[in-house]
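Student: Following this message is one structure expressed as structure tokens.
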Amino acid sequence: MVSERGLAVLRAIVQDYVSTREPVGSKSIVDKHAFGVSAATIRNDMALLEDEELIAAPHTSSGRVPTDKGYRVFVDQLADVRPLSSAQRHAIELFLGASVDLDDVLARTVRALAQLTQQVALIQYPSVSRARLQHLEFVALAPRRVLTVVIADSGIVEQRVVELSVDPDPVLLTRLRDTFNAAVFGVPMADATAPLRAAAAALPEGLRVPAEELAASVIAVIDSTRQERLIMAGTANLVRTEHDFTGSIFPIMEAIEEQVELLKLFGEMASEQHGVAGNRDMSVTIGRENEPFGLAQTSVLTSGYGTETGLVARLGVLGPTRMDYSSNMAAVRAVARYLSRSLGEQA
């Protein structure tokens, strides 16, 4: 069992090592932190921390560095998540406020997060399975050509041009639009196929063919959005911290660019919180916890974002285990809140 002072010593070691990238010794801790005890006492605390595998000696020097387990204990105990400055908050508001649609707001968000944290920033595109249909629109473009527009509460706006077998007049398009909207408003996109087909089948026979064709176009739009994907920015930040990794960083970069393993990790982090007290939607995985995903030397911090109806996906940062967890968690949390607010305004 680690004592309260031992935990405080661990916090000091993590903070100093993150700041300097130099192993931390007892004398340095006594000089920089007000523990009110001798260097010999601090050395005893450090010995206990080493017995618990929370710190380790990287070489023969007297200094110690945190282990993956030490970072985990530090994050679990972290209470002082430093808020962003007013200038940082204002910059986020201005940057995201200029967004014009979902793709633009996500692209702006991921760039802002990479700049704030100097890490690789990642945003999961809103999940279709959680998004609910908000509105359908049918716009006549030319004889028998109709633009199908699908809008979800998560901010998703997708469209598709369909060729109908008949030339629908505006009154018919309005009737079909109202019929389908009544059938699927608020329905999860993943569950919309059955009510769309049922609504088309319930119409009079003379309307059934164009109705079925339009229903099929809406279903095709929904199906086209099912593939999960990530948007990322700041991969150059990973190269700048290359000295924090042992061996080559190329396997890490490959895992990031392929996205498959990262999406699996995001899915796990969404379903299983990873010890961040006071931050309900925040998850952190550290070092060896990421080994199954080919990211054993990295830490990943994520938070959910969404609309008033619930979380729709996650965003976060990836970087070396030697990172400023407090500041990065504050940035991820703040950007997630601004993104959620932006999606709510667009809905």
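Student: Being open to solvent by less than 50 Å² (accessible area, probe 1.4 Å), out of contact with any Cys (no Cβ under 6 Å at 6 or more places or on another chain), modelled with pLDDT of 90 or more and not aromatic (Phe, Trp, Tyr) is the requirement here; does Leu7 meet it?
Tutor: Judged against the criteria, Leu7 is a match.
Student: Those residues that are among the polar types (S, T, N, Q) and either open to solvent by 80 Å² or more (accessible area, probe 1.4 Å) or in contact with a helix residue (DSSP H, G or I) (Cβ under 6 Å, 6 or more places away or on another chain) (or both), I need them from the range 16-43; list them, please. Don't jump to the end; show me each part of the working.
Tutor: Initially, the range 16-43 is screened for residues among the polar types (S, T, N, Q), giving 19-20, 26, 28, 38, 41.
Selection gives Ser19, Ser26.
Student: Considering only the range 159-191, state which residues are open to solvent by 50 Å² or more (accessible area, probe 1.4 Å) and either in contact with a His (Cβ under 8 Å, 6 or more places away or on another chain) or in contact (Cβ under 8 Å) with a residue 60 or more places away in the chain (or both).
Tutor: Matches in the range 159-191: Gln159, Arg160, Phe185.
Student: Follow-up. For the range 79-98, does any single residue satisfy the condition of being in a helix (DSSP H, G or I), open to solvent by less than 20 Å² (accessible area, probe 1.4 Å) and either at pLDDT 95 or above or under 30 Å from Arg341 (Cα atoms) (or both)? If you could, list the steps in order and put the result at the bottom.
Tutor: Going through the range 79-98, the residues in a helix (DSSP H, G or I) turn out to be 86-97.
The next check asks that each one be open to solvent by less than 20 Å² (accessible area, probe 1.4 Å); those that pass are 92, 96.
This time we only want the ones that are either at pLDDT 95 or above or under 30 Å from Arg341 (Cα atoms) (or both), so: 92, 96.
Yes, the range 79-98 has at least one match.
Student: Under 7 Å between Cβ atoms, at least 6 apart or on separate chains: pull out the pairs that start in the range 4-30 with a residue that is among the polar types (S, T, N, Q) and end on any residue that is in a helix (DSSP H, G or I) and open to solvent by 60 Å² or more (accessible area, probe 1.4 Å).
Tutor: If the second residue must be in a helix (DSSP H, G or I) and open to solvent by 60 Å² or more (accessible area, probe 1.4 Å), the pairs left are Ser26/Arg43.
Student: Right, another one. Anything in the range 236-264 that is among the aliphatic types (A, V, I, L, M) and outside any loop (DSSP other than H, G, I, E, B)? List them, or say none.
Tutor: First pass over the range 236-264, keeping only residues among the aliphatic types (A, V, I, L, M): 236, 238-239, 249, 252-253, 255-256, 260, 262-263.
Matches in the range 236-264: Ala236, Leu238, Val239, Ile252, Met253, Ala255, Ile256, Val260, Leu262, Leu263.
Student: Counting just the residues of the range 250-276 that are surrounded by 19 or more Cβ atoms within 10 Å (Cβ to Cβ) and in contact with a helix residue (DSSP H, G or I) (Cβ under 6 Å, 6 or more places away or on another chain), which one comes out modelled with the lowest pLDDT?
Tutor: So, considering only residues that are surrounded by 19 or more Cβ atoms within 10 Å (Cβ to Cβ) and in contact with a helix residue (DSSP H, G or I) (Cβ under 6 Å, 6 or more places away or on another chain), the one modelled with the lowest pLDDT is Ala255.
Student: So in the range 99-131, with the set limited to residues that are open to solvent by less than 50 Å² (accessible area, probe 1.4 Å), of a type in the set (A, V, I, L, M) and in a loop (DSSP other than H, G, I, E, B), which one is modelled with the highest pLDDT?
Tutor: Ala131
Student: Kindly indicate the residue of the range 281-306 that is more than 24 Å from Lys69 (Cβ to Cβ) and surrounded by fewer than 24 Cβ atoms within 10 Å (Cβ to Cβ) and also modelled with the lowest pLDDT among those meeting that condition. Full working, then the answer.
Tutor: From the range 281-306, those more than 24 Å from Lys69 (Cβ to Cβ) are 281, 304-306; that's our starting set.
Applying the additional criterion that residues be surrounded by fewer than 24 Cβ atoms within 10 Å (Cβ to Cβ) yields 281, 304, 306.
On the way: Asp281: 73, Gly304: 89, Gly306: 79.
That would be Asp281.
Student: May I ask you to list the residues in the range 196-242 that are open to solvent by less than 10 Å² (accessible area, probe 1.4 Å) and farther than 30 Å from Pro320 by Cα?
Tutor: Answer for the range 196-242, where residues must be open to solvent by less than 10 Å² (accessible area, probe 1.4 Å) and farther than 30 Å from Pro320 by Cα: Leu196, Ala200, Pro210, Ala211, Leu214, Ala215, Ser217, Val218, Val221, Ile222.
The values are calculated or read from the model by the stated rules, or taken from the named source; none is laboratory data. The structure displayed is predicted, hence computed values, not measured ones. As a convention, Cβ positions derive from the backbone with ideal geometry for all residues, glycine included, and neighbour counts pool all protein chains shown. Note: areas computed on protein heavy atoms with side chains; ligands, DNA, RNA excluded. Shrake-Rupley method; radii C 1.70, N 1.55, O 1.52, S 1.80 Å.
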